[in-house]
């Protein structure tokens, strides 16, 4: 009896058995896909909620006169530095190193940002002075309304290097 | 009653062999490393389950709950110490086990698949350690995980997506913690347990561990056998007990620390990856991320997986270091790695890093990678042509060279890198 059964399972000329075997495979694949889909979806809604919370966040940094030309001011509550260049223009720089994501401190004596993790160095405009970072620090859009500096934190602006077009003049 | 006793006996003798070759019992043949790994995994599951009762996986509570475990719970520091030391020892022991299997020629023939299963388990162990590293939520763990997940961002094409999926957002935060906690306490342990069953079963199917033999003698067709109980199982119990005692001592006298709570606004200086990934971090300093994070690790992993499946000239199953000549070529490779790697690190640090004549992916990526690849191939050719090394011995020498180079990179990263990741003396 068992002998006959095992022979039957191996026989490729039995269409019904063949069909069921394939059907099982397809069902198994579907179930696996379903679980993967659910798993990925579990991760998504939380992300979306955070995006919504971020959207439209305008941070009011303060009046233009408060920031000396050639100075860098840290804003711990919004993750950025407000740099006022020697020409008087403003740049809002994300504090995350573009190399691996450490927080970059501003070193006043050397007038540069120096990453403690892998020694990347950036100048006051966020441009790379020394690798391993290969991209300038990310920026946020800056607006000046009635002499008040405002930073749009809804999204970071990625860039390769520094260009004068990135500066907001008062 | 007699039946029950028989069931018990048969159960254990299914887990452990009933009979086995006497020669495989010698301690210096296997050093009991596979069994030690299993004991450490059991310790990890027990202590981990206990700590799950105390731990709260949210950024506000994580650090506090561990502090509570350390100060207010009976034997809390001991449990955490046992978990910490078992986890770190497990990486070391598993790596040594890999080397033992490699150098006793226990990866070929019927053991090919088990080599690959073993590598997958090593990946699980690393994943387990890394995901656990974040959970104390102190400065050390927060920034180590930031750096390591930051490395994912350099994978071409899907890097940004990968990094965001691993962190569950743009930065390491509450979602990252819950993802890591879930992986650490369910996904990885379950995968590891299943693979362990598979691994042990394959060892039994290969008729136990490889039987050692001298070079030039045939594979023993009919080795002398002995009984699993008591000859093997008693030895295993002794090794396991000594190991547990050692872990206990480490947990008591070198208790793991808990740093200041994570502060996303301030990276410590220097910020380093966990010690088992420091080699990659060191590689990062010298190579363009595309090569340090993707190309070189991929080549290494592919090479390791493919190793037992490559074409072979002689059967070296059970022969330590392949042959007497293999021992010599391996020694030469180790010496070369020990001398060349520090010299290359210093040369790169002093002179090469400032070159900017080409895009970094060429000057710090493709070019040095090709030069080193040519050097390794050249080294292998010298061994083959000048020293008449067999294909196996030459390949083994390349493996040794790579392994020693990675060990030197790790040591450099752990002890010789100070503030701003500058080279310093550790004393």
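Tabulated values for the structure
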read-out: So residue B:240, is it assigned to a helix (DSSP H, G or I) and closer than 23 Å to residue B:23 by Cα; value: yes
read-out: Residue within the stretch B:289-297 that is over 22 Å from the mean Cα position of the chain (by Cα), more than 17 Å from residue B:397 (Cα to Cα) and part of a loop (DSSP other than H, G, I, E, B) present; value: no
read-out: Residue in the stretch B:277-288 that is within 11 Å of chain A (Cβ to nearest Cβ), at pLDDT below 90, in a loop (DSSP other than H, G, I, E, B) and surrounded by 13 or more Cβ atoms within 10 Å (Cβ to Cβ) present; value: yes
read-out: Residue among A:98, A:73 that alone is surrounded by 22 or more Cβ atoms within 10 Å (Cβ to Cβ) and either without any contact (Cβ under 8 Å) to a residue 24 or more places away in the chain or within 14 Å of chain B (Cβ to nearest Cβ) (or both); value: A:98
read-out: Set B:127, B:215: member being in contact with a strand residue (DSSP E or B) (Cβ under 7 Å, 6 or more places away or on another chain) and surrounded by 16 or more Cβ atoms within 10 Å (Cβ to Cβ); value: B:215
read-out: Residue check, residue A:30 more than 11 Å from every other protein chain (Cβ to nearest Cβ), under 20 Å from residue A:127 (Cβ atoms), modelled with pLDDT of 80 or more and outside any loop (DSSP other than H, G, I, E, B); value: no
read-out: Top-ranked residue in the stretch B:1-18 [being in contact (Cβ under 8 Å) with a residue 60 or more places away in the chain and exposed (fewer than 14 other Cβ atoms within 10 Å of the Cβ); ranked as farthest from the chain's Cα centre (by Cα)]; value: B:12
read-out: Where residue B:361 falls short, out of the listed (1) under 26 Å from residue B:319 (Cα atoms); (2) surrounded by fewer than 18 Cβ atoms within 10 Å (Cβ to Cβ); (3) in contact (Cβ under 8 Å) with a residue 40 or more places away in the chain; (4) over 27 Å from the mean Cα position of the chain (by Cα); value: (1)
read-out: Entirely in the stretch B:22-108, the helices (runs of 4 or more DSSP H) that have 3 or more residues that are closer than 20 Å to residue B:207 by Cα, over 17 Å from the mean Cα position of the chain (by Cα) and modelled with pLDDT of 95 or more; value: none
read-out: Options B:251, B:273, B:255; residue that is touching a residue at least 40 places away in the same chain (Cβ under 8 Å), in a loop (DSSP other than H, G, I, E, B) and either more than 11 Å from every other protein chain (Cβ to nearest Cβ) or touching a strand residue (DSSP E or B) at 6+ places or on another chain (Cβ under 9 Å) (or both); value: B:255
read-out: Test set (1) within 18 Å of residue B:171 (Cα to Cα); (2) out of contact with any helix residue (DSSP H, G or I) (no Cβ under 9 Å at 6 or more places or on another chain); (3) modelled with pLDDT under 80 - residue A:140 fails condition number; value: (3)
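Every residue, every condition in (1) closer than 30 Å to residue B:38 by Cα; (2) away from chain A (no Cβ under 14 Å); (3) free of Cβ contacts under 8 Å to residues at least 60 places away in the same chain; (4) outside any helix (DSSP H, G or I), yes or no:
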| residue | (1), (2), (3), (4) |
| --- | --- |
| B:120 | yes, yes, no, no |
| B:136 | yes, yes, no, yes |
| B:156 | no, no, no, yes |
| B:163 | no, no, yes, no |
| B:169 | no, no, yes, yes |
| B:176 | yes, no, yes, no |
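The values are calculated or read from the model by the stated rules, or taken from the named source; none is laboratory data. What you see is a predicted model, and the numbers here were worked out from it, not measured in a lab. Methodologically, a virtual Cβ is constructed for each residue, glycine included, from the backbone with ideal geometry; neighbour enumeration extends over all protein chains shown.
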